[in-house]
Amino acid sequence: RATAKRKILEECQAAVSADSFLKKDLARLEKSWESAKLPDDEAVKNELQNAFLAAREKLRARLEKQAQELESNIAKVTSLLDQYEETLESGKLTAAVSAHDKVVSAIGRLDIPEERGRKLKDRLRAGEPRMAELKRWRHWGTDRKREELCERAESLAETDMKIPAVAKTVRECRDQWKLLDKSDGPASKKLWTRFDTACEKAYEPCQAYFEQQKAQRQGNMKQRVTICEELEELAAKTDWEAPPWRDVSDALKEMQRKWHKAGSVDRRERNKIQKRYDAASGAIETHLSEMRKREIERREALIEQIEALETNGDTRQHINLVRQAQRDWKPLVQAGRRKEQQLWKRFRAACDSVF
């Protein structure tokens with residue numbers, strides 16, 4: 001008897017944490033417990049009886065909690081149904097479809113009593129005629145939009161728009177078509193064929209244009225690689241102990257001019273080739289900048305020498321000094337345009353004063 005009771009008790013205790021537990025399960029356990037005889041031993045009998053009563057209270061509390069959760073979920077389903085009916089009434093098909101799907105999912109997920117579940121499903125079915133009507137209207141509207149996209153794509157074959165604008169318009173048309181497919185399902189084969197043919201025809205000249213642009217960018221890339229190689233060779237072969245400063249400076253300027261005139265390259269290669277150019281030109285510029293600084297200081301000294309000539313000195317000697325300064329003026333490495341203008345303006349004013 002004790003063994004039989006303990007078996008029922010273990011089932012009760014396991015049901016407390018089971019995934020699913022219904023009111024009928026509790027009734028079955030109570031009936032089994034009542035039908036099984038208690039052992040004669042008072043201590044064992046009381047222990048088993050108390051354990052069963054405790055387990056039963058937990059199961060009743062669980063059923064109560066489940067009932068409260070069920071009522072809360074049914075209230076949520078009812079609210080979704082209200083929303084569904086409201087969106088149908090106002091003609092908001094997308095919102096109605098969303099609410100409909102949520103109601104169906106909730107009803108299928110909940111263990112709702114049969115009578116109450118039937119009433120909820122009846123309300124859901126009552127909106128289906130209106131849903132079908134809205135879908136027909138939307139489908140008609142979607143087909144009209146697709147026809148407009150077909151007409152727009154067909155007009156591109158005779159347009160005077162520039163090629164990039166035509167390509168952009170084709171992409172926009174295809175993106176809009178995909179959105180229509182997503183919202184209202186795919187179009188008929190006939191309509192899709194018409195649209196796709198129009199887009200392909202409009203894009204044909206774009207394809208040729210983009211291929212030409214790609215070839216041009218590849219040519220530009222080769223040109224930029226050549227410039228980098230020439231700069232790297234110049235830096236490597238120049239004897240920096242006694243360099244031909246003017247030749248190096250002129251060569252760098254010519255390479256910079258070519259670089260700025262070279263066209264665009266592919267985005268994926270742009271940063272890499274720019275870093276190579278910066279490194280190659282920077283290696284040469286490091287040497288030139290030191291000589292440029294010395295040349296600025298040398299010419300500033302010439303200017304100060306002429307400015308310091310006294311007005312009552314030997315005129316012929318002053319003129320000879322100025323002419324020699326003019327012969328010595330040309331720098332080995334020029335500074336920037338603004339700095340050169342500032343220096344030349346000061347130098348010319350000092351020379352004019354002597355003359």
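Quick notes
- Helical mean residue ellipticity (222 nm; -39500 (n - 2.57) per DSSP H run of 4+; nearest 500) of the chain: -29500 deg cm²/dmol
- Longest segment of the chain lacking GluC sites (Glu not before Pro) that sit in a DSSP loop with at most 16 other Cβ atoms within 10 Å: 1-240
- P(r) tail fraction, the range 232-292 - alpha-carbon pairs more than 13 Å apart, %: 65
- If you wrap the tightest convex hull around every Cα atom of the chain and split its volume per residue, you get 408 Å³.
- 5 Å-binned pair-distance histogram of the range 1-121 (Cα, whole percent): 2, 10, 17, 14, 11, 10, 8, 7, 7, 5, 4, 3, 2, 1, 0
- Accessible surface for the range 243-287, divided over its residues, is 67 Å² per residue with a 1.4 Å probe.
- Compactness index (Cα Rg / 2.2 N^0.38 Å), the range 213-267: 1.35
- Paramagnetic reach from Ala208 in the range 151-174 [backbone N under 17 Å; point 7 Å along Cα→Cβ]: 156-167
- Rolling a 1.4 Å probe over the protein heavy atoms of the range 230-346, with every protein chain left in place, gives an accessible area that is 46 percent carbon and sulfur.
- Trypsin sites (Lys or Arg not before Pro) restricted to the range 109-203 and DSSP loop, no more than 14 other C-beta within 10 Å: Lys162
- Kirkwood Rh in Å, taken over all unlike Cα pairs in the range 185-308: 18.8
- Candidate cross-link partners of Lys261 among the lysines, defined by an alpha-carbon separation under 25 Å and a same-chain spacing of 8 or more, comprise Lys162, Lys214, Lys222, Lys253, Lys272, Lys275, Lys339.
- Subtracting the Cα-Cα distance of Glu285 and Asp250 from 0.36 nm times their residue separation leaves 11.4 nm of extension gain.
- Cβ-derived FRET efficiency at R0 51 Å, Ala27 paired with Glu133, nearest 0.05: 0.60
- Start at zero, step by 5 Å, and the Cα-Cα distances of the range 69-192 spread as 2, 9, 17, 14, 11, 10, 9, 8, 7, 5, 3, 2, 1, 0 percent across the bins.
- Convex hull (Cα only) mean projected area of the range 141-201, reported in nm² to one decimal: 3.8
The values are calculated or read from the model by the stated rules, or taken from the named source; none is laboratory data. Everything numeric here is computed off the predicted structure, so don't read it as measured data. Cβ atoms come from the backbone with ideal geometry, glycine included; neighbour counts cover every protein chain shown. Heads up: the accessible areas ignore ligands, DNA and RNA and are worked out on the full protein's heavy atoms, side chains in. Shrake-Rupley method; radii C 1.70, N 1.55, O 1.52, S 1.80 Å.
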